[in-house]
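Engineer: There's a structure below that I have some questions on.
The values are calculated or read from the model by the stated rules, or taken from the named source; none is laboratory data. Everything numeric in this text was worked out from a predicted model, so none of it was measured. Virtual Cβ from ideal backbone geometry, glycine too; neighbours counted across all protein chains shown. Keep in mind that these areas ignore ligands, DNA and RNA; they rest on the heavy atoms of the full protein, side chains included. Shrake-Rupley method; radii C 1.70, N 1.55, O 1.52, S 1.80 Å.
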Amino acid sequence: MSSHSIDQSNLTKGQVRKLNALCKSVGHEIGERAFVEWLSSQTEEEGDSGAETIANTLWPLVQDGSLKIPRGGYRVRRGRGRIIVEPAGS
């Protein structure tokens with residue numbers, strides 16, 4: 001394996017895999033240039049859109065006091081015709 005001029009310690013596991021795949025498929029120099037270009041086009045914060053939707057929906061209920069979220073997190077799952085929210089430890 002050849003060493004990369006890109007600092008891999010700051011990359012996520014998926015980004016390192018993409019870099020390695022690009023270098024393997026098109027060559028080291030072209031792969032690194034393509035990776036840097038791809039990385040600069042990515043947004044800084046990639047969030048879970050489902051989690052954002054849930055948070056935006058539930059936050060007004062938390063603020064008016066009609067919903068209490070247990071400390072330590074929660075788990076959301078589907079039930080028969082309803083959504084079940086329970087503490088993460090159970």
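Engineer: If I model a spin label at E37 and I69 as a point 7 Å from the Cα along the Cα→Cβ vector, what separation in nanometres do I get?
Structural biologist: 4.1
Engineer: Here is a follow-up. Under 5 Å between amide H atoms, partner at least 5 residues away or on a different chain: which partners does Y74 have, H built in plane at 1.01 Å?
Structural biologist: A88
Engineer: While we're here: How many angstrom lie between the C-alpha centres of the stretch 7-32 and the stretch 52-83?
Structural biologist: 39
Engineer: Which percent of the accessible heavy-atom area of the chain goes to carbon and sulfur, probe 1.4 angstrom? All intermediate terms of the calculation are to be shown ahead of the outcome.
Structural biologist: Numbers: 4010 of 7610 Å².
Answer for the chain: carbon and sulfur cover 53 percent of the accessible area.
Engineer: Taking just the alpha carbons, could you work out the radius of gyration and Dmax for the chain, both in angstroms?
Structural biologist: 21.0, 58
Engineer: If I model a spin label as a point 7 Å beyond the Cα along the Cα-Cβ vector, how far apart are those points for L58 and E86 in nm?
Structural biologist: Taking the two extended label points, one gets 1.5 nm.
Engineer: Here's a follow-up. With charges only on Cβ, +1 for K and R and -1 for D and E, what is the dipole size of the chain about its Cα centre, in debye, rounded to 20?
Structural biologist: On the way: 12 positive and 11 negative charges, 153 e Å.
So the magnitude is around 740 debye.
Engineer: Can you give the relative contact order of the chain as a percent, counting alpha carbon pairs under 8 Å and 6+ residues apart? Display every interim value, and only then the final one.
Structural biologist: Numbers: 43 pairs, mean separation 10.7, N = 90.
Reported relative contact order: 12 percent.
Engineer: Take the chain, mark every one of the GluC sites (Glu not before Pro) that falls in a DSSP loop and has at most 14 other Cβ within 10 Å, then report the longest stretch left between them, sites excluded. Don't skip to the end; give the middle numbers.
Structural biologist: On the way: sites that count: E44, E45, E46.
With GluC sites (Glu not before Pro) excluded where exposed in loops, the chain gives 47-90 as its longest stretch.
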